[in-house]
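Here's the structure, in structure tokens; my notes come after.
The values are calculated or read from the model by the stated rules, or taken from the named source; none is laboratory data. Here the structure is a predicted model, which means the values were calculated and not measured. Every residue, glycine among them, receives a Cβ derived from its backbone with ideal geometry; neighbour counts consider all protein chains shown. Keep in mind that these areas ignore ligands, DNA and RNA; they rest on the heavy atoms of the full protein, side chains included. Shrake-Rupley method; radii C 1.70, N 1.55, O 1.52, S 1.80 Å.
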Amino acid sequence: TTLDNRTLSLPLLYINYFGLTPAQQTAAIAARTNPATHELTFIAELPAVGYSTITVAKSTETRQLAQQRPAAGKQQQHHRGGQREGVAAAAATAIDEDTVVENSNFKLTFDGTTNLLKTIMNKESGVEADLEVSWGWYNSSVGGCTEGVAKGVDACSGQKSGAYIFRPNSSTVFYPGPQTKVVNEVVTGDIVTEVRQTFSDWATHVIRLVEGEAHVEVEWTAGPIPMDTPWIDPVAAGLPNLWGKEVIVKYASSIKSAGKFYTDSNGREMVPRQYNARGPSYPVLQVNEPVAGNYYPVNNMIAIEDSSQDVALTVLSDVSQGGSSLADGEIELMVHRRVLADDSRGVQEPLNETMCGCGDINAAPGQMGAHGAEGDGGCLCAGLTVRGKHWLVLGTKNEVNAYRRQASEKLNFPATLAFSKSKLAPKAPSASMVSAALPANVKLLTFTSNYADINDGALLLRLAHLYQVDEHPTLAQPVNVSLANLFAAPALTIQSAQEVTLGANQDMNTFQQNKLVWKTKDVHGHGRAEAFTERVAFDPNDSDLMVTLRPMEVRTFLVKMA
């Protein structure tokens, strides 16, 4: 596809215009202008724990241009090239003024009046739900009472929102700029279909369907967040024009979640959360901050389930963000912040960053400037701009729970790309470091020689179970893996294996014999079968070197290769 203007504009944001003459500005723009015009997309199969070599050559074939157009208009642009045999082309059609885009996995309908996403349908399972994707921001508190909360010691505080504290002064979600109709541009191709949506000049995203992928991608771009807020009347609002902004992307669905949602714990277990409540092991929650008091860290994913039918929605993130569900069927993730006050938590400056890393213009170095940033006397630079991805997974609960763990691995640990201009084919264009496929619920977490010099040449190997108890009827069961079968190639055969603790500084069997057994109480009432609670000891003399992994278990080994 052709690169969109938003992507092409990003390198120019790094320019510091302070003190530049017109000629120097022109030269800086020329140096930063991206010469690329298109993005190449193709499907490739990669061997497990290995690599593949892919050769790209310019084609002499002339193809008809695909359609790239506003949602209700007609505009011709270049199209994603290369018809691949056996890959169905995605499609975009207008039906009764609504715009429908679909591939073999999903069908998305965009409202003909608002241009916003209206419905999403999983074509394989038939699950369909209303879904709207929108942008907004909370106004950062500079101290005082939180609007809409009964006045009291905890609701009224001098605490400001800042680098270490998220504290909006109300639950109001403001639109990211003057309230205008969202602008859509639809780009169709053989493998990818994109709907590029513009909410303002600093809040945009691309909703992307990739053929063969069981998720919908939302690639969001936030920034530069303006410090000034001219589209809101400061006199009528009784507030200054310079507002700190905590920017969110919100996914509002028709799912009846009844105030319950789930967030991951460090990318591992999904922890149940309840709006305005805590778990049974906590004191009763008194809500003084309706928004911040319901926010939780999201390292990998946040999810909701329908309380009345078999429907679930998970949003995966490629970076750690704050997230919540503040209304029935909603998920929101904070994607960016620009805060103009210091929260007095140690950094001694507001969270007001720029693309070129400089401080406030004309402010003396080390002193706060008019824009609430530490000055360096020479800064005329755009505010920090951030881009990331959310993957939306909609379907039945088992279907979503099975796929989201696999998708998270792909999103957060993508294949490493390396490039060469050489036209010579490598001696081994493709290779794999393992001899057998791992079960779908097991991840090869670590395989490294980094500590071989202190372990008599042994390599460090870790295996992890990807699923938690009750997450899926089959994938969340204990699973057996044979290390001998996994590594059986001539140059990668395991000679011996010793299980050690996670930090690889103690023999596991010795540790198990001497460890302290804690007296615990199950406050959540989850009685577990022995298969989930009892560890299966590893036998280094077993010819298969069989390892049993329980849900969420990580096991570590020092292995010597023949």
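Any residue in the stretch 232-251 that is acidic (Asp, Glu), open to solvent by less than 50 Å² (accessible area, probe 1.4 Å), farther than 23 Å from Ser125 by Cβ and not in a loop (DSSP other than H, G, I, E, B)? Within the stretch 232-251 (the criterion being acidic (Asp, Glu), open to solvent by less than 50 Å² (accessible area, probe 1.4 Å), farther than 23 Å from Ser125 by Cβ and not in a loop (DSSP other than H, G, I, E, B)), the answer is yes, since at least one residue qualifies. Of all residue pairs spaced 6 or more apart or on separate chains, those with beta-carbon atoms under 7 Å, a first member in the stretch 241-259 that is without any contact (Cβ under 8 Å) to a residue 24 or more places away in the chain and a second member that is outside any loop (DSSP other than H, G, I, E, B) and acidic (Asp, Glu) are Asn241/Asp228. The number of residues in the stretch 471-497 that are closer than 16 Å to Arg535 by Cα, surrounded by 13 or more Cβ atoms within 10 Å (Cβ to Cβ) and not aliphatic (A, V, I, L, M) comes to 2.
From the residues in the stretch 85-122 that are charged (D, E, K, R) and over 12 Å from Val216 (Cα atoms), which one is modelled with the highest pLDDT? Residue satisfying both the conditions and the ranking: Lys118. The number of residues in the stretch 7-38 being among the β-branched types (Val, Ile, Thr), in contact (Cβ under 8 Å) with a residue 12 or more places away in the chain and in a loop (DSSP other than H, G, I, E, B) comes to 3.
Do the conditions hold for Ser430, that is, is it hydroxyl-bearing (Ser, Thr, Tyr), under 29 Å from Val56 (Cβ atoms), open to solvent by 60 Å² or more (accessible area, probe 1.4 Å) and out of contact with any Asp or Glu (no Cβ under 8 Å at 6 or more places or on another chain)? Spelling it out, Ser430 is indeed hydroxyl-bearing (Ser, Thr, Tyr), under 29 Å from Val56 (Cβ atoms), open to solvent by 60 Å² or more (accessible area, probe 1.4 Å) and out of contact with any Asp or Glu (no Cβ under 8 Å at 6 or more places or on another chain). Restricting Ser435, Ser420 to residues that are in contact (Cβ under 8 Å) with a residue 12 or more places away in the chain and open to solvent by 40 Å² or more (accessible area, probe 1.4 Å) narrows the list to Ser435. Can you tell me which condition Trp220 does not meet? The list is (1) open to solvent by 50 Å² or more (accessible area, probe 1.4 Å); (2) aromatic (Phe, Trp, Tyr); (3) under 27 Å from Met121 (Cα atoms), and all the others hold. The failed condition is (1).
Tell me the residue from Arg196, Arg208, Arg167 that is out of contact with any Phe, Trp or Tyr (no Cβ under 6 Å at 6 or more places or on another chain), free of Cβ contacts under 8 Å to residues at least 24 places away in the same chain and of a type in the set (D, E, K, R), please.
Details: Arg196 fails: free of Cβ contacts under 8 Å to residues at least 24 places away in the same chain; Arg167 fails: free of Cβ contacts under 8 Å to residues at least 24 places away in the same chain.
Only one candidate passes the filter, namely Arg208.
In this entry, Val284 is excluded by the filter for residues that are at negative phi, open to solvent by less than 40 Å² (accessible area, probe 1.4 Å) and aliphatic (A, V, I, L, M).
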